[in-house]
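Just so it is clear, none of the values below were taken in a lab; they were calculated from the coordinates. Every value quoted in this text rests on a predicted model; they were computed, and no experiment measured them.
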Amino acid sequence: MPTLHGHPVSQPCRSIQWFIDFSGVDCEVKTVDLLSGAHKAPEFVAKFPNGQVPSLEDGDFCFGESIAILQYLADGNDIVPTDKKGKARLQEYFGRHLSQVRKFSTEIIRHVFFEKDADEKKKKIAAGIESTKAMMDSFEAHFEKNKFVLGDTLSLADFMFAPEVDQLSLVEYDFNTYKNVGAYIERLKEVKGYTKMRETMAEALKAMAPKKE
């Protein structure tokens, strides 16, 4: 049985955890203690040289990178397109995810955790929201005509995209401006495993919060 090494505070880890719960694929999930640096421990790096999560271990086959892991676990599942155009659209989105959509994490959410100065945090988050506005505008237009990322059918693209967008609630993102994106998130609440994934993130954030004296 494969083993996923990850942590629910990580969007890429949540994407894979959601797919595991959705699909019922046989996979053990182990939480890596990021705060203690367990992902940089010699025994972890010996298996996963990048020292990052998520990472997957399947016997003596060990590798990382969320999109690779997602496709590995989804192999043979009906959610994976088999036609040439469907495959191309999925890979096109994966490319966009890495070059654009991940900016929700790198330019906005990361400051929630790593910027200690309250004023600087506010400035950086505001700048990040502004820098991703054009991207959100494009998805707002897309969801006016489409139920999901690749059209009217749930796909692996949604498992990557949705956890990126819904974490914007951490910065009280104004979805009133993006009603179609908000409606998309509401639709996903009917998809198996989605609500559990969000609850797991909330629990992880609560556990990581500094203890009050």
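Structure data summary
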item	result
Radius of gyration, Dmax [the chain; alpha carbons; angstrom]	17.4, 58
Descending Cα extents along the principal axes, segment 92-213, whole Å	49, 30, 27
Most mobile of E199, E120, E65 in a GNM of the chain (Cα contacts under 10 Å)	E120
P(r) weight above 21 Å for segment 25-88, C-alpha pairs, percent	34 percent
For segment 1-125, Kirkwood radius (reciprocal of mean inverse C-alpha pair distance, Å)	16.2 Å
Selected from M197, M160, M135 as most flexible by GNM, with the chain as the system and alpha-carbon contacts under 10 Å	M135
Kyte-Doolittle mean at least 0.0 and Cα axial length at least 15 Å: DSSP H helices in the chain	156-166
Listed residues Q11, Q167, Q52, most fluctuating in the chain (Gaussian network, C-alpha, under 10 Å)	Q52
Cα Rg, Dmax, segment 93-144, angstrom units	12.4, 38
